[in-house]
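The values are calculated or read from the model by the stated rules, or taken from the named source; none is laboratory data. In this text, all values refer to a predicted model and were calculated from it rather than measured experimentally. Here Cβ is always computed from backbone atoms with ideal geometry, including for glycine, and neighbour counts include all displayed protein chains. These area figures cover heavy atoms from the full protein model, side chains too; ligands, DNA and RNA do not enter into them. Shrake-Rupley method; radii C 1.70, N 1.55, O 1.52, S 1.80 Å.
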Amino acid sequence: MPSIPSFKALMKHGSRFGFTAIPEVVETFSLLFDSMNLPFQAVGYSLYELQKLKPEYFKSPKCRDPSDTISSSELADLTEYMAFCLASYGGTYYSYTEEFFMDLEKLNEDGSIIDSAAMLTKWMRMPTADRVKTVIESHTAGDPEGIIFMSYPDKQEAFHCCYYMLDFKPKSEVIVCIRGTLSVQDIMTDLVASAVPFQDGYCHKGMLRTAVNMVDRIRDELKEYVGETGYRVTFTGHSLGASVAAILTMMLKDEFNVRCFAFACPSVFTVGNITASKQYVTSIANSTDIVPRLSYQSFQTLAEEIVDVLETVEPPSLASSHSAQASRFIRRRMHKYMQKEYQKKQDEHAMKMMARKKEYWREQHRAASDEGMDEEHAEGLLDDSDSEDDKVPWKSNPIYTKLRGFVKGFSVTKLISDDAGEPDADADSDDTELLLLPLLPAGRVVQLAGLTHEDTKALLADVKEWRKATGSTAPVVTEDTKVHTGTLATAPVGKALSSINPFNDLMRRLGGLNKKLIFASEVPNEEFSRILIHKSCVIQHHPMVYVRMLKKCVAVQADIADFLESAEMKPAVKN
């Protein structure tokens, strides 16, 4: 029977897993939810009412004008670089998908299920680095032999991303592809989400710290290689990797000829940095993907909408409802009950904050007395504790103080291993202020979105009529783009393995890939300042969904390009 690891063993590699960031993560979430002060049941009720009052929170954004999309060449580039991002995960999101089984069929010369199964076993036993090379070879125009450097350590440290650098000879450039969230360490990076100064504005703290930890090694490798070739440097990544790639691009823009394609880029920059990065960074986002929309500001905005619902005299949905009198009576009673629960939570919060403030000023009084301050001045500090204008500094939160002491305790006693490395000096400094600022995706944003059902029918009818009038024989998009599988995928072993990956069915049902028309068009970054509550908001973040959405965009744009580029007829699409 295996022994239970001791506390010291668990804490030994605390630095590597990012445990030193736990106090800030806890405090940040405490600040966020303290500011909301919303009982859980009231949130659920308010969202139901908000669905009637502001349906834009629950609807998938649509392409406003299919004639105003990005160029075919740029769209082809995006499709190619997303394949490199898929490879960076080492097959994690690729295994047991339709594309995975198709690749096995291609590798298998005689079509034998036994041989394919043997290849599958070999794939499962491959080191991550070899899987990365296999996906590069299968799904990109790159050559795995052109890999300059790879960083996929067996023991990943916190605030470091896995990545690889590739000499992409078809475009005479070096690709730096950074992997997204796939480990506990990556999650800690995501959660350290306060804002810190960076160049022309502010930046996500955890992601900036990761970029700082990586930039020196990447700079050295690029100087050694690019200096000889004169290549351009293209940074790319998905999710966390996208934001780190965008930061690295801005760090190295004065040293190299750089650009960045950031897929599903999280909210990472404030407005100043967004404006400065538009020249270098292109962010790509699926219409309902929740990750680019997640920030403390978007949570706060949604919380304010929920509070507005709770502060109305009557349920907002009653204004547009023609339900029976009994139903209206029940809904009014429910509304009043939720208002009472909300007020109770507000009162509890006010008492807690008052107690915290008094405790803070007592600490100030004790410190003043210890320093020899005169009694009258020290007593004045206690009087100040009754002032409603005074705010308690965030680091005085008891939760934060206890956790910080705990973390410092085990780090000072050398329970962190020497090879794990010490945390950055500025990462946990006591004089660092916690800032929760409105962050948005970096650079210019390209959104992948479809049309409404009515607009799709109207556009296809317009295309058909125009081609009939002009004598064009180009095909019209009438069928959904589907992935066709081979023998192994339809065999019992293939079906069993496909069922292991739950995303296969979810991508078909919720990924938005069933839409006949999907377009890639540039949208304002502010479009992502609001959280969407949609059934596909999670699955649309999956890298395979991005791969398939981009391929479908290419197919759609190619099929109706002649119509969209015609000067005589422009499709009229509702906003």
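Which is at pLDDT below 80, within 20 Å of Ala264 (Cα to Cα) and buried (at least 17 other Cβ atoms within 10 Å of the Cβ), of Gly494, Gly443, Gly511?
From the options Gly494, Gly443, Gly511, the qualifying one is Gly511.
For segment 268-298, taking the residues that are open to solvent by less than 10 Å² (accessible area, probe 1.4 Å) and more than 22 Å from Ile70 (Cβ to Cβ), the one that is modelled with the highest pLDDT is identified as Asn273. How about segment 557-575: which of its residues are in a helix (DSSP H, G or I) and either at pLDDT below 70 or surrounded by fewer than 23 Cβ atoms within 10 Å (Cβ to Cβ) (or both)? Residues satisfying the conditions are Gln557, Ala558, Asp559, Ala561, Asp562, Leu564.
Beta carbons closer than 7 Å, at least 6 apart along the sequence or on distinct chains, pair a first residue in segment 450-476 that is within 26 Å of Glu522 (Cα to Cα) and modelled with pLDDT of 80 or more with a second that is of a type outside the set (Asp, Glu) and part of a strand (DSSP E or B) for Gly450/Ile518.
Restricting Val226, Val309, Val313 to residues that are open to solvent by 10 Å² or more (accessible area, probe 1.4 Å), of a type in the set (A, V, I, L, M, F, W, C) and either part of a strand (DSSP E or B) or out of contact with any strand residue (DSSP E or B) (no Cβ under 9 Å at 6 or more places or on another chain) (or both) narrows the list to Val313. Residues that are open to solvent by 60 Å² or more (accessible area, probe 1.4 Å), more than 18 Å from Ser287 (Cα to Cα) and at pLDDT below 85 within segment 55-101 comprise just one, Thr92.
Glu311 falls short on exactly one of the conditions (1) of a type in the set (Asp, Glu); (2) farther than 30 Å from Gly511 by Cβ; (3) within 16 Å of the chain's Cα centre (by Cα), and that condition is (3). You will find that of Val184, Val196, the residue that is open to solvent by 10 Å² or more (accessible area, probe 1.4 Å) and over 28 Å from Ser536 (Cβ atoms) is Val196 and no other. Only residues that are among the small types (Gly, Ala, Ser) and open to solvent by 10 Å² or more (accessible area, probe 1.4 Å) were counted in segment 229-238, giving 1.
Let's see how each residue does on (1) modelled with pLDDT under 85; (2) of a type in the set (D, E, K, R); (3) at negative phi:
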residue: Met165; (1), (2), (3): no, no, yes
residue: Ser194; (1), (2), (3): yes, no, yes
residue: Val215; (1), (2), (3): no, no, yes
residue: Glu221; (1), (2), (3): no, yes, yes
